[in-house]
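Notes follow the structure.
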Amino acid sequence: MCHLEIDDRGVARLTLDRPEVHNALDDHLIGELNDHLRRAGELAHRGEVRLLVLASKGKNFSAGADLHWMKRMADYDFEDNLVDARELSALMHGLDTLPCPTVCRVQGAAFGGAVGLAACCDIVVASEKARFCLSEVRIGLSPAVISPYVQRAIGERQLRRYALTAEVIDAATAQTLDLAHCVVEPDALDATVDAMIDTLLATSPQASRATKALLAEVAREPDSNATRDHTCRIISELRVSHEGQEGLSSFFEKRRPAWAPDSDTERH
């Protein structure tokens, strides 16, 4: 249903592989995604995974909830539904807090929970044919679990509109809303993702992890004494670290830092 592949550069690719149902989410797929994200997170903490690309096979990124799963959910009691919702919540939290940078490759439809997956990623590259939709209210439900992540991405005012209307958001509008960072022609999607991978691999692995964790804390408390002190400590620790020293030395010596791949090894 999904698989995780890690290349020799430390690029992890987590791919939804249910094209026959447009990569619709169900409890089994969510469980597999959670397992893979836990593994990727452990490897990222150890520096063995530099970044993760979330993608899918087929025409659509993900059509949202699987119809068969929805039929089963209709017979669940409150406690069963709570278990399901917590698994989806764990997926969003795990993706959102993955220690390394994350890139989401979106083609075709990204409906329902798939909008949450995109919102949880650091960078979203979308095809011009991508379409996003918070479709839950059309069937008497709510984008409840994904709402904190989507609100952070597009803002409270815009979320009110699109969560309440279930309007389809085209790729250009998604970029205007900050749901997507790059919108490209379908044939350029993979090349654009590859270029973003190269850009991220040129950064310090340690600094990337520290910066991602720091930005999450800054978002929670942007101007507190504790945050200001923490930001000072982070930059001080990085300056005296091995990678910090290597980065400064390579800059002044006008050479490639040790962590950056050689041009001959890029995209392999």
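The values are calculated or read from the model by the stated rules, or taken from the named source; none is laboratory data. All figures in this text were calculated on a predicted structure; none of them were measured in a lab. No Cβ is skipped: glycine too gets one built from the backbone with ideal geometry, and neighbour counts run over all protein chains shown. Heavy atoms of the whole protein, side chains included, go into the accessibility calculation; ligands, DNA and RNA do not. Shrake-Rupley method; radii C 1.70, N 1.55, O 1.52, S 1.80 Å.
At-a-glance table
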read-out	value
Subset tally (residues that are farther than 23 Å from Cys100 by Cβ and assigned to a loop (DSSP other than H, G, I, E, B)) for the range 204-263	7
Residues of the range 6-55 classified as free of Cβ contacts under 8 Å to residues at least 24 places away in the same chain and under 16 Å from the mean Cα position of the chain (by Cα), total	1
Number of positions in the range 16-39 that are touching a strand residue (DSSP E or B) at 6+ places or on another chain (Cβ under 8 Å), of a type outside the set (A, V, I, L, M, F, W, C) and part of a helix (DSSP H, G or I)	4
Members of the range 116-143 found to be at pLDDT 95 or above and either part of a helix (DSSP H, G or I) or aliphatic (A, V, I, L, M) (or both), listed by number	Gly116, Leu117, Ala118, Ala119, Cys120, Ile123, Val124, Val125, Ala126, Ala130, Leu134
Whichever residue in the range 154-185 is of a type in the set (A, V, I, L, M, F, W, C) and in a loop (DSSP other than H, G, I, E, B) and, among such residues, is farthest from Glu128 (Cα to Cα)	Ala166
Scope the range 44-72; condition farther than 20 Å from Met92 by Cβ and not in a loop (DSSP other than H, G, I, E, B); matching residues	Leu67, His68, Lys71, Arg72
Tabulated pairs, the range 63-82, first surrounded by 12 or more Cβ atoms within 10 Å (Cβ to Cβ), second part of a helix (DSSP H, G or I) and at pLDDT below 85, C-beta under 7 angstrom, 6+ apart or interchain	Asn81/Met73
Flag for Leu201 being at pLDDT 85 or above and either of a type outside the set (Phe, Trp, Tyr) or closer than 19 Å to Asp122 by Cβ (or both)	yes
Residue satisfying all of: in the range 177-229; closer than 20 Å to Leu95 by Cα and free of Cβ contacts under 8 Å to residues at least 40 places away in the same chain; most open to solvent (accessible area, probe 1.4 Å) among these	Arg220
Hey, Leu134 farther than 30 Å from Glu42 by Cβ and open to solvent by 20 Å² or more (accessible area, probe 1.4 Å) or not	no
Extreme residue, most open to solvent (accessible area, probe 1.4 Å), among residues of the range 151-176 that are of a type in the set (Val, Ile, Thr) and out of contact with any Cys (no Cβ under 9 Å at 6 or more places or on another chain)	Thr176
